[in-house]
Each structure stands twice: as C-alpha cells, then as structure tokens.
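Everything below concerns the one structure shown next.
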Amino acid sequence: MFNFNPEKIRKDFACLSKDQKKAPIYFDNACMTLKPNVVTEAIVSYYNEHPSCHNRAAHEFGEVTTKKVHQAREQIDKYINCRSGESIVFTKNTTESINMIANMIDFKKGDVVLTTDLEHNSNMLPWQFLNIKKGVTFVQMPIPPVAEEFDLQEFQNILSKGKVKLVSVFHTSNITGIQLPIKEITKLAHENGAMVLLDAAQAIPHYQVDVQDLNIDFMAFSLHKAYGPTGMGVMYAKEEFLNKWVPFFVGGEGITDTTYDSCTLSQAPEKFEVGLQNYAGIIGSGAAIKWLSKINLKKAHDHLIKLNEQLAEGLLSLNGLKLIGPTQAKNRSGIVNFSTGNRNPAEICLMLSKMEKIMTRSGVHCGHSWFHKYELMPTLRASLAFYNTEAEVEVFLKKMRDLIK
C-alpha cells in the first residue's frame with residue numbers, strides 16, 4: 001500500500017483548511033486547481049514589497065523583481081527538464097502558447113497538421129484557421145468515446161501518407177482522461193519528418209513531463225491547472241526554433257535597440273515576452289511549481305487513481321449513468337466524465353453546488369466538435385486533485401443517489 005495523506009496537503013490551501021460549517025468539495029480541477037498559500041503569499045509579496053518592472057530598472061525593487069522572475073523561470077525549466085541553453089517562454093495560457101507556435105512555424109500550402117479528434121478547442125481552432133489562411137491541411141485521427149488506448153498503427157498509417165509537418169496532440173484528455181503514448185508518437189513522427197507539439201495542460205499537475213525524455217519539439221501548458229495563478233502559461237520550444245523564430249508579437253523588452261527603419265531583437269526567451277509582463281503571476285507560478293516539486297507525484301497519482309475508481313464504481317451503480325472514456329481508472333487520470341441519462345447535467349451541477357458545495361463541470365468541456373461527431377449529449381465531469389479525499393467522494397455519491405432517484 002502507498003502512504004499518501006491528502007489531509008496534510010489540504011492544510012496548504014486556505015479555502016480548504018479555514019473554519020467553516022461546510023467545507024467545499026472541489027471536483028473541477030481539470031478546469032482550474034485551487035491555489036496553495038505559498039502561491040498567494042508570493043503574489044502579495046510582489047505587490048507589497050517590490051512592485052516594479054523586470055529587467056528594466058536598476059533600483060532595489062527592480063533588482064528584486066528581476067531576480068525572482070529569473071528564479072521562477074529556472075524552477076519551471078528544471079521541472080520539465082529543459083536542455084542547457086533552452087528556457088521556457090511565459091505566456092497567458094495554453095491557448096496563447098499554441099497560437100504563438102502555430103503562427104511562428106513556416107507553414108506552406110499543402111502542409112499537413114495531424115491531431116486527434118479529441119483535442120481541446122485550443123488545439124483545434126489554430127489549425128482550422130491556418131487551413132483557411134494558408135491552405136494547411138488539418139487531419140484528425142479518431143479517438144471514439146469507447147477507446148481504451150491510442151491506435152499507434154493507425155497513426156503510423158496516416159504518417160506514411162506523407163506531408164505531415166506537425167503532429168499536435170494532448171498528453172491527457174480533459175474530456176475522457178485518456179493518456180497518449182507520447183514517446184512512441186514522437187519517435188514515429190520524427191522518423192516520418194514531422195515535428196511534435198504537446199498540449200500538456202492536463203498533465204503538468206500530475207507528472208513531471210520531461211521534454212528531453214519525450215524528445216518533443218514544442219510544448220504548451222497553463223499554470224492555473226497546476227496550482228498556480230490565472231493568466232499564466234508556458235511555451236516550450238527546442239533551442240533551434242527559439243533562436244530562428246521571428247516573434248509573433250513585437251514591442252518593448254523584445255528588442256535591444258531600434259531605429260526608425262529597423263530593430264535588433266533580444267535573445268530568447270525575452271524576444272517573445274514583449275511589453276510589461278504579469279510579474280506577480282510569474283513569481284506565483286514559480287512558487288506553485290516549487291510547491292508541486294516537493295510532492296511525491298507517484299504516490300499522489302496512486303491516490304488520485306484510487307479516488308477515480310471509487311467515484312466511477314459508485315456512479316455506475318446508479319440507474320441511467322454512463323461513463324465516457326476508458327473503463328479502467330488508471331487510464332482516466334483524474335477525470336470521471338459521465339452522461340446523466342434523462343437528467344440535465346447543468347441542473348445537477350447547480351444542485352450539487354447549492355446543496356452540498358460540491359463543484360463539478362457540466363457541458364461539452366471545450367470539445368464541441370467531438371461531441372457533435374459522436375452524437376453525445378452534454379455530460380457532467382468530476383475532476384480530481386491530490387487534496388481530494390475518499391470522504392468527499394462518498395458525500396458526492398450520496399448526493400448523486402438522492403438526485404438520480
């Protein structure tokens with residue numbers, strides 16, 4: 001048996017540990033995780049103690065901010081195991097990161113971008129728009145609701161047809177929780193001359209996604225799903241791309257000199273981070289990843305899978321409920337997504353919140369195209385984090401039994 005105590009982690013979160021008649025049961029972690037106290041303290045410290053610009057001012061506040069921004073970047077570089085000379089670029093979120101990459105790759109008419117049909121809108125719409133603007137062909141490999149695993153043979157068949165310039169896929173689905181074999185996908189893509197972009201938004205809170213081990217070319221993720229602040233994301237690209245790319249946005253901080261006719265760009269990553277940045281958010285992001293790095297992620301994930309199994313088994317015992325995605329909990333990460341039969345999932349979501357302060361998510365979870373394709377109605381999703389407990393799952397199941405009668 002693994003030894004993992006979520007109660008110790010819960011003490012790090014003000015909204016879970018404060019005295020109250022009824023503590024919230026937060027099962028909407030795939031949308032956004034709660035923030036540990038160290039994150040909010042780091043943000044408040046910036047505003048109270050050194051509210052200044054990074055890398056621009058030679059005074060005390062500016063020097064402290066510059067140092068802390070640098071430390072935050074190093075913390076995240078270390079977490080994803082960047083190569084020497086590489087560094088992450090701070091963005092607003094996963095969506096912005098993917099859009100930046102999409103617009104900085106030199107696509108030509110007829111180039112193929114290969115994704116799955118289960119992608120979040122953020123990893124679908126940029127390629128749809130490139131199809132309209134540049135004539136890039138956008139191909140989606142099917143992952144139906146009953147899929148237990150990724151079909152590598154079908155993936156190879158599509159790659160062998162040629163012209164695939166980029167493979168852009170999720171690590172872990174926000175809809176079904178299925179996880180893709182990224183190392184194998186990357187190997188096959190590279191063997192067929194394609195680059196690989198990984199949407200790691202749902203993976204970063206649960207795994208140390210190692211960019212060197214996976215050998216991916218690009219990666220995008222958000223900090224608000226990894227116990228960090230809102231409005232903070234990361235774009236990772238191999239050094240060769242960071243050095244040659246012309247920034248998608250231009251402005252102050254991204255240059256070292258200008259005339260009225262030309263400019264000298266800064267080095268990466270600064271050339272991509274133009275204008276005043278969210279320094280409080282960057283510093284808070286560093287604090288979040290530092291906090292996350294101290295957790296035994298293997299034991300924490302085992303705890304998560306145990307909760308997932310408990311939750312799914314309880315739901316499947318109720319009349320009319322059907323699970324969306326893999327049948328085995330270990331293949332769903334922290335996601336338990338289910339149809340609610342003839343009951344409106346939005347109504348159930350609202351009642352859970354009002355009656356028991358249980359927070360879930362109803363809808364199509366930014367996967368409109370996938371729901372349309374497989375003729376699915378909106379669902380109710382419970383998504384788990386390390387601070388969730390077996391007792392919370394039991395409260396949720398009891399209330400669901402009452403509502404589904």
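For region 14-34, does any single residue satisfy the condition of being touching a helix residue (DSSP H, G or I) at 6+ places or on another chain (Cβ under 6 Å), buried (at least 19 other Cβ atoms within 10 Å of the Cβ) and at pLDDT below 95? Scanning region 14-34 turns up at least one residue that is touching a helix residue (DSSP H, G or I) at 6+ places or on another chain (Cβ under 6 Å), buried (at least 19 other Cβ atoms within 10 Å of the Cβ) and at pLDDT below 95. Of all residues in region 48-64, those that are under 19 Å from Val274 (Cα atoms) and assigned by TED's automatic domain parsing to the domain that holds Leu276 have Cβ atoms under 6 Å from Cβ atoms of residues that are β-branched (Val, Ile, Thr) and not in a loop (DSSP other than H, G, I, E, B), 6 or more apart or on another chain, in Ser52/Thr65; His54/Thr65; His54/Thr66; His54/Val69; Asn55/Thr66. Quick check on region 41-50. Is at least one of its residues loosely packed, with under 13 Cβ neighbours inside 10 Å and hydroxyl-bearing (Ser, Thr, Tyr)? Scanning region 41-50, I find at least one residue that is loosely packed, with under 13 Cβ neighbours inside 10 Å and hydroxyl-bearing (Ser, Thr, Tyr), so the answer is yes. Lys244 satisfies every condition listed in (1) under 26 Å from Gly228 (Cα atoms); (2) surrounded by fewer than 19 Cβ atoms within 10 Å (Cβ to Cβ) except (1). If the condition is being in contact with a strand residue (DSSP E or B) (Cβ under 8 Å, 6 or more places away or on another chain) and outside any helix (DSSP H, G or I), then region 87-107 contributes Ile88, Val89, Phe90, Thr91, Lys92, Asn93, Ile105, Phe107.
Annotation note: of Lys357, Lys322, the sole residue that is more than 23 Å from Lys22 (Cβ to Cβ) and among the basic types (Lys, Arg) is Lys322. Out of Phe221, Phe155, which single residue is closer than 22 Å to Lys290 by Cα and either at pLDDT 95 or above or not assigned by TED's automatic domain parsing to the domain that holds Ile105 (or both)? Just one listed residue meets the conditions, Phe221. Total residues in region 236-248 satisfying the condition of being outside any loop (DSSP other than H, G, I, E, B) and more than 18 Å from Pro205 (Cβ to Cβ): the figure is 7.
Close Cβ contacts (under 6 Å, 6 or more residues apart or on different chains) running from residues in region 113-133 that are without any contact (Cβ under 8 Å) to a residue 24 or more places away in the chain to residues that are outside any helix (DSSP H, G or I) and among the acidic types (Asp, Glu) are absent. The residues listed here are Lys133, Lys187, Lys183, Lys163; of these, the one that is more than 21 Å from the chain's Cα centre (by Cα), surrounded by fewer than 17 Cβ atoms within 10 Å (Cβ to Cβ) and closer than 19 Å to Asp199 by Cβ is Lys187. Output the qualifying pairs, or none if there are none: Cβ atoms under 8 angstrom, residues six or more apart or on different chains, first residue in region 190-212 and without any contact (Cβ under 8 Å) to a residue 12 or more places away in the chain, second residue among the hydroxyl-bearing types (Ser, Thr, Tyr). Cβ pairs passing all conditions: none.
Pairs meeting the criteria (first residue in region 139-150 and acidic (Asp, Glu), second residue crowded, with 18+ Cβ neighbours inside 10 Å, beta carbons under 6 Å, at least 6 apart or on different chains) are Glu148/Pro326. Checking Ser293, Ser317, Ser285 one by one, the residue that is under 24 Å from Ala42 (Cβ atoms) and either surrounded by fewer than 15 Cβ atoms within 10 Å (Cβ to Cβ) or not small (Gly, Ala, Ser) (or both) is Ser293 and no other. Scanning region 254-268 for any residue that is under 22 Å from the mean Cα position of the chain (by Cα) and either at pLDDT below 95 or farther than 19 Å from His206 by Cβ (or both) turns up nothing.
The values are calculated or read from the model by the stated rules, or taken from the named source; none is laboratory data. Keep in mind it's a predicted model, so treat the numbers as computed, not measured. Note that we place each Cβ from the backbone using ideal geometry, even for glycine, and neighbour counts take in every protein chain shown.
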